[in-house]
Amino acid sequence: MTTDATDATDARTYLRPATATDDELADRFQPVFDRVAEGNVARERDRILPHEQVGWLKDAGLGRVRIPEEFGGFGASLEQTFALLALLAEADANVAHIWRNHLAFVEDRLNAAPSPGNDRWIRRFLEGEFVGGGWTEAGNGTFATLKTTVRKDGDRWLVDGAKFYATGSLYADWLDVLGKGDGDTVLTALVRRDDPGVRLADDWTGFGQRATASGSAFYSGVPAAEGDVFPAGERFVYQGHFYQTAMLSVLAGITRAVLRDGIAALKARGRNYPQALDPVPASDAQLLQVVGQVSAHAFAADAALRQSSRVLDLVAAAHAEGDGKLRERLVLRAEVATAQAQLVIIEAALQATTTVFDALGASGVSETLLLDRHWRNARTLASHNPRVYKARILGDWLVNGKDPVPDLAALGRGGQGD
């Protein structure tokens with residue numbers, strides 16, 4: 001297989017129809033996910049950063065899962081990619097979230113026009129190089145107020161500034177940085193993680209997702225090569241939907257994980273309350289009802305994730321075909337589907353991670369089980385984007401036809417949320 005797409009006849013992008021099967025992907029990655037699951041409670045309790053586990057996934061090729069087979073990847077669809085991410089989140093929600101920025105940048109380069117510079121990026125992905133970073137600055141309301149700069153310096157660029165919520169940075173080879181260029185231009189620059197001008201701080205203070213390295217990043221005169229700087233406005237059109245769906249994948253995985261752990265904890269209960277319908281907790285109809293309801297939440301989350309990510313595959317296909325009008329219509333459809341999925345999946349995750357305790361009694365709050373990690377992680381992820389506004393925006397679209405697609409240039413978030 002070749003990684004040189006510049007020879008492909010009339011190729012507009014590196015995107016190709018998916019060729020992977022679910023079984024092939026499961027055979028390759030599920031054993032690695034099972035290894036990742038081992039020790040996840042101890043890592044959560046002691047805030048141990050999962051460098052080893054991320055390395056296993058790099059070696060298994062998770063970073064190239066979306067790259068078409070003809071270029072050396074596995075040829076997965078977006079639907080398959082997000083389903084894999086949910087399976088990984090079921091094993092460890094922290095590890096799954098770490099991959100969000102990398103997978104998004106891979107998607108961006110796959111959407112780009114073939115060129116020698118982009119061929120180099122495809123080769124980097126195939127070689128296991130990993131991308132982290134963050135675009136958000138404290139108090140940053142719009143692109144116009146960005147304080148980070150990306151300025152030309154001879155035949156290279158220099159990056160100066162600071163970022164927060166820099167998820168995955170401590171595990172990365174490259175950092176994806178958003179900054180102001182000349183005038184009103186906004187650029188993204190890919191810089192080396194190990195450059196002496198980069199300083200990363202593991203100062204994430206959230207009560208969930210504590211091992212994601214979502215802390216601060218500081219840049220002082222950090223160089224970026226000519227082929228590693230891109231106008232922010234040219235990033236892939238469904239970027240915001242991709243970032244949001246990656247987060248929803250993690251939430252769907254958490255919902256399945258709490259179902260798994262809730263079943264195990266109920267089976268392990270040795271006694272029941274006097275008011276119970278059966279002295280054996282695992283035979284108590286009311287407690288079984290709780291578990292059944294949690295399973296429905298997991299089912300709803302999975303279904304919503306599959307449905308919304310299928311729409312993103314349609315957007316990608318329209319972009320690959322160069323059909324701008326169809327792509328525009330599908331982006332609108334993706335906005336609606338992603339917002340609906342956000343409402344369904346967040347509600348499912350928060351309900352499941354709370355109501356599972358109704359089946360467990362006082363033993364369920366033991367720090368040995370650490371079941372609270374599921375709620376803390378879900379609540380943290382659910383706080384990244386404004387769920388409270390989504391139903392109103394959807395209703396305004398459905399009733400009044402008001403465009404639900406946000407003006408990301410005005411919001412200044414690049415589609416990533418807070």
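The values are calculated or read from the model by the stated rules, or taken from the named source; none is laboratory data. The structure presented is a predicted model; accordingly, all values stated were derived computationally and were not measured. Note that we place each Cβ from the backbone using ideal geometry, even for glycine, and neighbour counts take in every protein chain shown.
Among all positions in region 374-381, there is no residue which is assigned to a loop (DSSP other than H, G, I, E, B) and either in contact with a Gly (Cβ under 8 Å, 6 or more places away or on another chain) or modelled with pLDDT under 90 (or both).
Of all residue pairs spaced 6 or more apart or on separate chains, those with beta-carbon atoms under 6 Å, a first member in region 306-325 that is under 13 Å from Pro17 (Cβ atoms) and a second member that is part of a loop (DSSP other than H, G, I, E, B) are Asp313/Ser77; Ala316/Leu15; Ala320/Thr13; Ala320/Leu15. Quick check on region 303-312. Is at least one of its residues under 21 Å from Asp372 (Cα atoms), assigned to a helix (DSSP H, G or I), at pLDDT 95 or above and not aliphatic (A, V, I, L, M)? No: zero hits. Taken over region 118-128, the residue count meeting the criterion of being over 20 Å from His319 (Cα atoms) and touching a helix residue (DSSP H, G or I) at 6+ places or on another chain (Cβ under 8 Å) is 4.
Residues that are in contact (Cβ under 8 Å) with a residue 12 or more places away in the chain and either of a type outside the set (A, V, I, L, M) or within 10 Å of Leu248 (Cα to Cα) (or both) within region 326-342 comprise Arg327, Arg333, Glu335, Thr338, Gln340, Ala341, Gln342, listed in sequence order. Remark: Ala352 matches the filter, which requires a residue to be in a helix (DSSP H, G or I) and closer than 16 Å to Arg260 by Cβ. Could you count how many residues in region 229-264 are farther than 21 Å from Glu137 by Cα, over 16 Å from the mean Cα position of the chain (by Cα) and in a helix (DSSP H, G or I)? Adding up the residues that qualify gives 9. Every listed requirement among (1) farther than 22 Å from Trp204 by Cα; (2) surrounded by fewer than 23 Cβ atoms within 10 Å (Cβ to Cβ) is met by Gly55 save one, (1).
Within region 103-134, restricting attention to residues that are within 18 Å of Ser169 (Cα to Cα) and of a type in the set (Gly, Ala, Ser), the residue that is nearest to the chain's Cα centre (by Cα) is Ala104. Here Val177 passes the criteria (1) over 30 Å from Ile345 (Cβ atoms); (2) out of contact with any helix residue (DSSP H, G or I) (no Cβ under 9 Å at 6 or more places or on another chain) except the one numbered (1).
Scanning for something surrounded by fewer than 17 Cβ atoms within 10 Å (Cβ to Cβ), more than 19 Å from Ala189 (Cβ to Cβ) and free of Cβ contacts under 8 Å to residues at least 60 places away in the same chain, does region 114-134 turn up at least one residue? Looking for residues that are surrounded by fewer than 17 Cβ atoms within 10 Å (Cβ to Cβ), more than 19 Å from Ala189 (Cβ to Cβ) and free of Cβ contacts under 8 Å to residues at least 60 places away in the same chain, one finds at least one in region 114-134, hence yes. Based on what the data block shows, is Thr212 over 20 Å from Ala112 (Cα atoms), of a type in the set (S, T, N, Q) and at pLDDT 95 or above? No; evaluated as a whole, the condition is false for this residue. Looking across region 37-55, the residues that are over 18 Å from the mean Cα position of the chain (by Cα), in a helix (DSSP H, G or I) and not small (Gly, Ala, Ser) come down to Asn40, Val41, Arg43, Glu44, Arg45, Asp46, Glu52. You will find that of Asn400, Asn377, the residue that is under 20 Å from the mean Cα position of the chain (by Cα) and of a type outside the set (A, V, I, L, M) is Asn377 and no other.
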